[in-house]
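To keep things clear, I will list the structure first and then write my remarks on it.
The values are calculated or read from the model by the stated rules, or taken from the named source; none is laboratory data. These figures come from a predicted structure and were not determined experimentally. For neighbour counting, all protein chains shown are included, and Cβ atoms are generated from backbone atoms with ideal geometry for every residue, glycine included. Areas reflect the complete protein model, heavy atoms only, side chains present, ligands, DNA and RNA absent. Shrake-Rupley method; radii C 1.70, N 1.55, O 1.52, S 1.80 Å.
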Amino acid sequence: EVQLVESGGGLVQAGGSLRLSCAASGFAFDGYTIGWFRQAPGKEREGVSSISGSGRSTYYADSVKGRFTISRDNAKNTVYLQMNSLKPEDTAVYYCAASSNYVPLSAPSYICWGQGTQVTVSS
């Protein structure tokens, strides 16, 4: 069974940090790009960051560039999103997803999605 499971969300004050994890199973993990997306209540889903299968290519939305860092450990079938200097506008449900080719944040290209983890940043 192909599965992605997010973890690491929670409540943090503005300026704080969280590290999200996306654990994969059931497919050849190192052959897939992994993206992080988020959705806040009443807003459209937006792309946050992505990383190629090898980890050599990364992409960040302008809104998080310089604050978030994506990485992966293919031996552990896990992708991480380190989030620093968090702002209230980062509050959302965060999802990870897998794509069979490197399409940085084109949601329709991602064929497998996790169920999300809540990140809440208080002011």
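Observations
- The chain: C-alpha gyration tensor shape, a/c 1.5 cut-off, then a/b vs b/c: prolate
- Residue among Ser63, Ser21, Ser71 with the largest mean-square fluctuation in a Gaussian network model of the chain, springs linking Cα atoms under 10 Å: Ser63
- Solvent exposure of the stretch 1-107 amounts to 49 Å² per residue of accessible area, where only protein heavy atoms count and the probe is 1.4 Å.
- Free-standing Cys residues across the chain, given no other cysteine C-beta under 4.7 angstrom: Cys112
- Around the amide H of Phe68, modelled in the peptide plane, lie the amide H atoms of Asn84, all under 5 Å away and 5 or more residues distant in sequence or on another chain.
- For the stretch 1-48, the gyration tensor built on C-alpha atoms gives a prolate shape. Its axis ratio a/c (a ≥ b ≥ c) is at least 1.5, and a/b is the larger of a/b and b/c.
- The packing ranking of peptides 26-39, 75-88, highest mean first, is 26-39, 75-88, where packing means the average number of other beta carbon atoms within 10 angstrom of each residue.
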